[in-house]
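For reference, the structure discussed in these notes is given below.
The values are calculated or read from the model by the stated rules, or taken from the named source; none is laboratory data. Quantities reported herein were computed from a predicted structural model and do not represent experimental measurements. Every residue, glycine as well, gets a Cβ built from its backbone with ideal geometry; the counts of neighbours run over all protein chains shown. Remember, those area values only see protein heavy atoms, side chains included, never the ligands or the DNA or RNA. Shrake-Rupley method; radii C 1.70, N 1.55, O 1.52, S 1.80 Å.
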Amino acid sequence: MEPPASAPEVLLAAHERAPVGMALLDVVASPPATLIWVNPALCRMLRYEERELVGKTIAEVTYPPDLEVDLAHFERLLAGEIDSYEIEKRLLRSDGAACWVQLHASLVHGADGAPRYGVGQVVDITALKRTEEALERSEHRYRQIVESTSEGVWVLDADDVTSFVNGRLGEMLGYTPEEMVGRSAFDFLDAESREFTRARLAERRRGHADNYRNRFLHKDGHGVWVSVSGNALFDEEGAYAGSLGLFTDITALVEAERERERLQDQLHQAQRLETVGLLAGGIAHDFNNLLSVIQGYAEIAEADLADRPEALESVEEIKRATERASALTRRLLTLSRRDVSQPEVVDLRDIVRDVRNMLVRTLGKHVELELDFPDRLPPVAVDVKQLEHVLLNLAVNARDAMPDGGRLRIELAVAGGDVRMVVEDSGTGMPPEVLERAFEPFFTTKRAGAGTGLGLATVYGIVTQAGGKVSIRSEPGSGTTVVVLLPAVEAGAGPEARGEQVRPAAATGQTILVVDDEEAVRRMTARILSRHGYLVVEASGGEEALAAYRGLPAPPDLVLTDVAMPQMSGIDLARRLRNEHEAAPPVLLMSGYSGDAAAIRDALGASAGFVQKPFEGPALLHRVGLALAGADRPSAIKRA
């Protein structure tokens, strides 16, 4: 093929047909940068006729805000600092509208080497710019939505590295989004949650969406529970490109659920203890009746065998065995909160000081005892002997948990409206399965014969009976801490001090109506009273007692009745006597439950006395004498 006849003519023809705008500017004429040639594409772009466009300067066809930048580049081009430049700018159309173009500018030099013409190539990018602006607006709206949502947004790439988080997620974990971007998701998890998350992300790579709970680490180190809704992200070719997770902070919800579970566990434990306590109380009630019979007849036998020392020794053994059995019964009643309680308003510091020497002896030389008391402490209303029993029980348990020595610390302090006693040892501690059952009666980890399993159960019963609370913390190797909370009272408040006991006069033939559904107890009680000179009428229940009362030629001087009886309780019997007889005699009630004393006070007032089973003969006679003398009060008597 032969070359064109004139190369410049061919080039000119090509420029005329080019799809991009082209222009030639005179850079030495006045004014400078004047258009001296434009191609049709540029005319169409700016909607000018060629004759209208030629002769205009750059300033006349450039959108004013963009002129300064363009001229700055053009001056550098004329100065020879650069060979060409390319910028995005806006040109003015004939109708005054602006269109975006991409301009590439260079120079053509004359024969003397000086700049002669400027050459510009212009591509219309208005549509592209509008698309970019639309994308920017869309992204702005997207970011507004993402940033304003109450959920945390977390985007991971294919390598589980953070590519985006919104501000809400940063707030959840205590970071700024910039601090999280570029870091692995696993940097914000503890070891346990890390393995769990790894398994979840593996499922997500297979395209599975998921919803689950997980625990993340806050910047300050505490755990943050979140609900996660996750989805996989894929590229145009269907390859895994990462994942998107929506996060909701549920820390408060999880803590509330755990607190509810803890309270539910406490309720179940309390119900178990209450059930066992009721069982133990019922057993103790029946056992007390048997002990009353054994003890009463042992005393009778002792009196009958006063001239036979060899027989008295056997009787003394029976009485000692009865006393030990009675002590065990009292412990059963304590854990069921039915023991005799004689509260006094006292300072806990005094109780601990009084029992300190006994604690030291109990602990032994290898265990150090530390006491930590405040300068002042409000008083509490407790049974002193029972609280001493609590301290000794805890000391024994601590000693057994520290066979190689250690430290037992007793701290007293004020906690709100309570007085707090903390008993802490440095012993072996307890595993969770033992700790869970620590307060259960008869539960023990000691070898057979080394413990009854009533120690901590008795502590629980004593404290709760006093209106307090007791809790225990322990871990293997970290010792055990028992916390007792007792309600504080005002100084001088609480039970009234009992007056001096009145010595009853000797029996002078008074008639006593003895009512008890347990025949053995009734017969033994009647025998003790008869031997002391009283006239005794027996009845096996309420209706029989009412009938016997009506059949007597004169009302009895005293009614001595058991509380718990079928068909009609002793309290109901006392009410019937009051309602049916204006001059009803005093009533003295017997029971193995100290709780019945409170019921008697509430129902019958101060005119009815109370005798705690099992009782010794002298104690019963003393209370009977007081009732007959009108000096009795509705409180339980101590064993003689």
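One table, with the values for the structure above:
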item: The listed residue being touching a Phe, Trp or Tyr at 6+ places or on another chain (Cβ under 8 Å), open to solvent by 30 Å² or more (accessible area, probe 1.4 Å) and in a helix (DSSP H, G or I), out of Arg215, Arg198, Arg137, Arg141; result: Arg198
item: Boolean, Arg353 is surrounded by fewer than 18 Cβ atoms within 10 Å (Cβ to Cβ), part of a helix (DSSP H, G or I) and modelled with pLDDT of 80 or more; result: yes
item: Test result for Glu203, assigned to a helix (DSSP H, G or I), over 15 Å from Gly245 (Cα atoms) and not small (Gly, Ala, Ser); result: no
item: Complete set of residues in segment 106-134 that are assigned to a strand (DSSP E or B) and farther than 12 Å from Lys89 by Cα; result: Ser106, Leu107, Val108, His109, Pro115, Arg116, Tyr117, Gly118, Val119, Gly120, Gln121
item: Failed item, numbered, when Leu71 is tested on (1) surrounded by 13 or more Cβ atoms within 10 Å (Cβ to Cβ); (2) modelled with pLDDT of 90 or more; result: (2)
item: When residues of segment 174-187 are limited to those that are touching a helix residue (DSSP H, G or I) at 6+ places or on another chain (Cβ under 6 Å) and surrounded by 14 or more Cβ atoms within 10 Å (Cβ to Cβ), the one nearest to Gly223 (Cα to Cα); result: Phe186
item: Leading residue by the ranking (modelled with the lowest pLDDT) among those in segment 578-628 that are within 16 Å of Ala564 (Cα to Cα) and among the aromatic types (Phe, Trp, Tyr); result: Tyr593
item: Residue count, segment 258-281 (criterion: modelled with pLDDT under 65 and more than 17 Å from Thr464 (Cβ to Cβ)); result: 0
item: Within segment 16-68, tally of residues that are open to solvent by less than 30 Å² (accessible area, probe 1.4 Å) and part of a helix (DSSP H, G or I); result: 9
item: Strands (runs of 3 or more DSSP E) completely within segment 368-448 that count 3 or more residues being surrounded by fewer than 19 Cβ atoms within 10 Å (Cβ to Cβ) and hydrophobic (A, V, I, L, M, F, W, C); result: 406-415
item: Enumeration of residues in segment 202-227 that are within 18 Å of Asp160 (Cα to Cα), at pLDDT 90 or above and among the hydrophobic types (A, V, I, L, M, F, W, C); result: Phe216, Leu217
